[in-house]
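Scroll down for the structure; my scribbles are underneath it.
The values are calculated or read from the model by the stated rules, or taken from the named source; none is laboratory data. Computed from a predicted structure; not experimentally measured. Cβ placement follows ideal geometry from the backbone for every residue including glycine, while neighbour counts extend to all protein chains displayed. For accessibility, only protein heavy atoms count, side chains too; no ligands or nucleic acids. Shrake-Rupley method; radii C 1.70, N 1.55, O 1.52, S 1.80 Å.
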Amino acid sequence: MTKTIPVFDGHNDLLLKLYQLPPGNRDQAWLTGDGAGHLDLARMEKGGFAGGFFAIYVPSPPDGMDYEALMRDPPYEVALPPLIEAPDAQPAALAMAGILMRMERVAKGRFRICRTAHEVGESIANGTIAAIMHIEGAEAIGPDLDALHAFHAMGLRSLGPVWSRPTIFGHGVPFRFPGSPDTGPGLTDLGKALIRECNALKIMIDLSHLNEKGFDDVAALSDAPLVATHSNAYAITPSTRNLTDRQLAMIRESGGMVGLNFATSFLRPDGRRAADMDWEPVLRHLDHLIAHLGEDHVGFGSDFDGAQMPQDLGDVTGLPALLGALSDHGYDQALIRKLAHENWLDLLSRTIG
């Protein structure tokens, strides 16, 4: 049955959700849920969530704008927040790293921070949820890159040089629909140094949120497969956050991977941030990604707790329904297993080791 296939996920924002709660409420929200959001330990186990990349993301200061309302009514363009300096970003990033470590401790064997592909595979095999520490936007890494080594020692194995706002390393895409990912200059000299250091440490580089020139710079510099953990097909939904067929070809040629983002604004052809959609846009994006990347280089990158989910998915407990929709669409069990976790495991063996 498809519902028994474990799912490894390319991206979630649970750490940010927990960070924004009062400290005394975090354990309960993690272990049993708080009636909100998409993820908690109990629902992960119910939905067959085998693990994934847990993002450390430093939030921008509030500016009073209702971005969700803008994205419900395309066309839209969301102004990018200003750069955040490392001394201002590090306290939040360190706090979220600590939250992830506490999650492991209070879960008492049901959740494990993994540092190698072998540990991820071992965890999935024995039913323990596998977590990889990821940084989304490298604001907490200063120009000397010393903090990169500290986070690596804590377990960091995946990093996106930018979220959508700029960093000292490069430039992200604004949230714009319709719009091209070709939105500005490429990596800075510090960004190129960051890529080389990530390669040396076997920290996977995430291209999601990076603009097109930055993407090309990483492709020219990196000796690792190109990976976009939570992005979709620009040919179907022309959002700045989605990947063009040219970018997909480069990822395929590198032996890399794309995780399908479940955010409705990146799935729907009309670009709306609205849950009232069926499985058809999900299937169209998957068909396109598989056609351009091959069935060994596509997985899931949900964006749980960071985006609006389709109504038929809802939260992590909707994963069996998603796998059932893939089966109904004609995907066989071997392909569903690849998409659900096998492709991510293979990719991790070739990136983090």
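Across region 138-218, the mean sequence separation of Cα contacts (distance under 8 Å, 6 or more residues apart), normalised by length, yields a relative contact order of 34 percent. Here's the picture: charge each Lys and Arg Cβ at +1 and each Asp and Glu Cβ at -1 in region 60-146, and of Q90, M65, V106 the one pushed furthest to the positive end of that dipole is V106. When only alpha carbons are used to place a centre, region 23-43 and region 242-259 end up 35 Å from one another. Here the peptides 154-165, 33-44 are ranked by packing, the mean other Cβ count within 10 Å, and the order with the highest first is 154-165, 33-44. Computed from the C-beta positions of A200 and Q28, the FRET efficiency with R₀ = 35 Å rounds to 0.30.
You can think of it this way: the chain between D182 and L21 has 54.3 nm of extra reach, that is 0.36 nm per residue less the Cα-Cα gap. Taking one equal scatterer on every alpha-carbon of region 113-162, how large is log10 of I(q)/I(0) by Debye at q = 0.14, 0.15, 0.31 1/Å? Result of the Debye calculation: -0.41, -0.45, -1.12. Computed per residue of the chain from DSSP H runs no shorter than four, each worth -39500 (n - 2.57), the mean residue ellipticity at 222 nm is -11000 deg cm²/dmol. Among T244, H230, L286, pick out the residue whose Cα is farthest towards the positive end of the charge dipole of region 203-353, where Lys and Arg carry +1 and Asp and Glu carry -1 on C-beta, about the Cα centre. The residue sitting farthest along the positive end of the dipole is T244. Evaluated with a Cβ-only charge set (Lys, Arg +1; Asp, Glu -1), the chain carries a dipole of roughly 680 debye about its Cα centre, given to the nearest 20.
Accessible area per residue (1.4 Å probe, heavy atoms of protein chains only) ranks W30, W279 as W279, W30, with the largest value leading.
Taking every C-alpha pair closer than 8 Å and separated by at least 6 residues, the mean separation divided by the residue count of the chain gives a relative contact order of 21 percent. Using all C-alpha to C-alpha distances in region 118-236, build P(r) with 10 Å bins and read off the rounded percent in each one. Going from the shortest bin to the longest, the percentages are 14, 44, 29, 13, 1. Give the carbon-plus-sulfur fraction of the accessible surface of the chain in %, rounded to a whole number; probe 1.4 Å, heavy atoms of protein chains only. In the chain, the share of accessible area belonging to carbon and sulfur is 53 percent. Straight Cα distances below 13 angstrom link K108 to the aspartates and glutamates D27, with same-chain residues fewer than 8 positions distant left out.
Each semi-axis of the equivalent ellipsoid for region 178-333 is √(5λ) with λ an eigenvalue of the Cα gyration tensor; in descending order they amount to 28, 17, 14 Å.
Kirkwood-type hydrodynamic radius, region 239-315: 12.8 Å, calculated from all non-identical alpha-carbon pairs. Of (1) 6, 28, 38, 25, 4, 0; (2) 5, 21, 27, 22, 14, 8, 3, 0; (3) 5, 26, 34, 23, 9, 2, which is the value of P(r) over Cα pairs in 10 Å bins from 0, in percent derived from the coordinates here? Checked against the structure: label (1). For the chain, the solvent-accessible area works out to 36 Å² per residue, with a probe of 1.4 Å and every protein chain left in place. Put simply, when 100-106, 216-222, 6-12, 252-258 are sorted by average Cβ atoms within 10 angstrom per residue, most first, you get 6-12, 252-258, 216-222, 100-106. Under the membrane-span-like helix rule (DSSP H runs whose alpha carbons stretch at least 20 Å along the helix axis, mean Kyte-Doolittle hydropathy -1.0 or higher), the chain yields 86-107. With N as its number of residues, region 32-165 has a Cα radius of gyration that, divided by 2.2 N^0.38 Å, comes to 1.20.
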